[in-house]
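Peer 1: Please see the structure below; I have some questions.
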Amino acid sequence: MEFMREFPDDETCLRHVWRERFAPDGEHAFCQRCEVERTFKRYETAQKRPCWFCQTCGHRIHPLKGTIFEGSSTSLQLWFYAMYLITSTRCGVSAKQLERELGVTYKTAWRMFNKIRNQLMDESDAEPLSGEVEMDETFVGGKPRESYRREVARKGWNMQTAYWDRKAVVFAAVERGGRIRASVVPDSRGPTLHAKINEYVLPATMVYTDDFHAYKQLGKKGYQHKRINHSARIYVQGDVHTQTIEGFFGLFKNGVRGSYHAVSKKWLQGYLNEYTWRYNRRDSDRSMFHDLLEEAVRD
């Protein structure tokens, strides 16, 4: 009901995009042809694309151009409602549920969520982490099918190695009490993880990891490094632990298992984007929906 009061129809949604992108007062915007601020009005045209016309020179501005809504035949209000749903949930919303909520096809619902996750929720260019940072890697994927087990036995492969090779590897780093960065990586080898650490974490930062061998050289690479010995079943030793990042992994995997059941490697990064985006705004006083809407209408 809160959403419907604010955005009751397509026209309200369209005018919101127009005001946020070009005309805060709904009438005056900068005309690129006149190179000054002019009065713009909207007229019905043969084109289906909504546009506003400069009252002096006739220059057109298409408010949806360059957004995820451009070229979409789906109602703008349904796009807004999809963003409202994905920001209102704690554990994720599947495309099948969106299909039922909006009355669209599954293909349309999946495309909408895919664009929201990979274009609006992508924070790959965010600032590096600092302060006290925990980092870890995890494997995402279910148990191998029986047919694959038989193939492994027939070819004489090592079952344990073949089992882990089928899973996707996710690396993540999180500030204690702050932001998180996460991405799918090709493998869990040292060079791969070090490249991500250099991208995600500022030099000289205090980092906490487990005793995985790939992290042994971090102290020599300019980081202050403390390790917790998980191999000896030690999980907390004073302020040395990786409980924060493991908590996020648990939240993510439970969400995938409960809402989506399974996610392929190809699309896994999009789901990570969704969970990290929400995690980074967990303590914000502002509505996540309005944060996402602001991202959608940004030039």
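What follows draws every value from the coordinates through simple rules; no lab data is involved. If you're wondering where the values come from, they're calculated on a predicted model, not measured in any experiment. FYI the Cβ positions are ideal-geometry reconstructions off the backbone, even for glycines, and counts take in every protein chain you see.
Peer 1: Which order do the peptides 130-143, 96-109 come out in when sorted by mean C-beta neighbours inside 10 angstrom, highest first?
Peer 2: Numbers: 130-143: 18.3, 96-109: 15.4.
So the order, starting with the most tightly packed, is 130-143, 96-109.
Peer 1: So if I restrict to the alpha-carbon atoms in segment 1-159, what is the Rg, and what is Dmax, the biggest pairwise distance, in Å?
Peer 2: Here Rg and the maximum Cα pair distance are 23.2, 78 Å.
Peer 1: Taking every pair of alpha-carbon atoms in the chain, what share in percent sits in each 10 Å bin, from 0 to the bin with the longest distance?
Peer 2: Result returned by the calculation: 5, 22, 26, 21, 15, 8, 3, 0.
Peer 1: Please list, or write none, the lysines whose alpha carbon is within less than 21 Å of the alpha carbon of Lys220, excluding same-chain residues fewer than 8 places away.
Peer 2: List returned: Lys196.
Peer 1: Still on this structure, I have one more. Can you give the % of DSSP beta bridges in the chain that are antiparallel, to the nearest 5? Each step should come with its number before you reach the end.
Peer 2: Details: 25 of 34 bridges.
Within the chain, antiparallel bridges account for around 75 percent of the total.
Peer 1: Given a cut-off of 18 Å, name the pairs among Lys107/Lys253; Lys226/Lys253; Lys115/Lys266 whose C-alpha atoms lie farther apart than that in the structure shown. The partial results should precede the final answer.
Peer 2: Numbers: Lys107/Lys253 24 Å; Lys226/Lys253 26 Å; Lys115/Lys266 14 Å.
Lys107/Lys253; Lys226/Lys253, as the Cα separations exceed 18 Å there.
Peer 1: Which residue, Arg19, Arg117, Arg150, has the most motion in a Gaussian network model of the chain that connects Cα atoms within less than 10 Å?
Peer 2: Maximum fluctuation in the GNM of the chain, among the listed residues, is at Arg150.
Peer 1: Relative contact order for segment 132-279: what percent, with Cα pairs under 8 Å and sequence separation of 6 or more? Intermediate values should be presented prior to the final figure.
Peer 2: Numbers: 197 pairs, mean separation 37.4, N = 148.
That works out to 25 percent.
Peer 1: Please compute the alpha carbon radius of gyration of segment 132-279, then divide it by the globular-protein estimate 2.2 N^0.38 Å. Two decimals is fine. List each step's numbers first, then the result.
Peer 2: Working: Rg = 16.4 Å, N = 148, 2.2 N^0.38 = 14.7 Å.
Expressed relative to 2.2 N^0.38 Å, the Cα Rg reads 1.12.
Peer 1: Can I ask one more? Given Cβ point charges of +1 (Lys, Arg) and -1 (Asp, Glu) and nothing else, what value in debye, to the nearest 20, does the dipole of segment 1-93 about its Cα centre take? Please list the in-between numbers first.
Peer 2: Numbers: 13 positive and 12 negative charges, 54 e Å.
Here the size comes out at about 260 debye.
Peer 1: Moving on. Measuring from the lowest to the highest alpha carbon on each principal axis, how far does segment 55-110 reach, largest first, in angstroms?
Peer 2: Sorted from largest, the Cα extents of segment 55-110 read 50, 23, 15 Å.
Peer 1: Please give every one of the lysines within straight-line cross-link reach of Lys41, meaning a C-alpha to C-alpha distance under 29 Å, and leave out same-chain neighbours fewer than 8 residues apart.
Peer 2: Lys65
Peer 1: Let me ask something else about it. Hey, what did the chain get for relative contact order, percent, Cα under 8 Å, at least 6 apart? Provide the component values of the computation, followed by the final result.
Peer 2: Values: 395 pairs, mean separation 56.7, N = 299.
That works out to 19 percent.
Peer 1: Shifting gears a bit: Note down the magnitude of the dipole of the chain about its Cα centre, charges +1 on Lys and Arg C-beta and -1 on Asp and Glu C-beta and zero elsewhere, to the nearest 20 debye. It would help to have the intermediate numbers written out before the result.
Peer 2: Details: 47 positive and 39 negative charges, 294 e Å.
Computed about the Cα centre, the dipole is about 1420 debye.
Peer 1: Identify, among Gly250, Gly219, Asn158, the residue whose Cα sits farthest towards the positive end of the charge dipole of segment 132-279, taking +1 on the Cβ of Lys and Arg and -1 on the Cβ of Asp and Glu, with the dipole about the Cα centre.
Peer 2: So the residue we want is Asn158.
Peer 1: Counting DSSP beta bridges with both partners in segment 132-279, what percentage is antiparallel, nearest 5? Mind dumping the intermediate values first?
Peer 2: On the way: 16 of 24 bridges.
Around 65 percent of the beta bridges assigned by DSSP in segment 132-279 are antiparallel ones.
Peer 1: Pairing the Cα long axis of helix 268-279 with the longest principal axis of the chain, what angle in degrees results, from 0 to 90 and rounded to the nearest 10?
Peer 2: Rounded to the nearest ten degrees, it is 80.
Peer 1: Take the alpha carbon atoms of segment 38-71, find their center, do the same for segment 181-197, and report the distance between the two centers in whole angstrom.
Peer 2: 45
Peer 1: Okay, moving on. Which listed residue (Val297, Val263, Tyr84) has the Cα farthest towards the positive end of the charge dipole for the chain, taking +1 on Lys and Arg C-beta and -1 on Asp and Glu C-beta about the Cα centre?
Peer 2: Val263
Peer 1: Something else about it: With charges only on Cβ, +1 for K and R and -1 for D and E, what is the dipole size of segment 146-299 about its Cα centre, in debye, rounded to 20? Please report the intermediate quantities before stating the final value.
Peer 2: Working: 26 positive and 17 negative charges, 141 e Å.
In debye, rounded to 20, segment 146-299 gives about 680.
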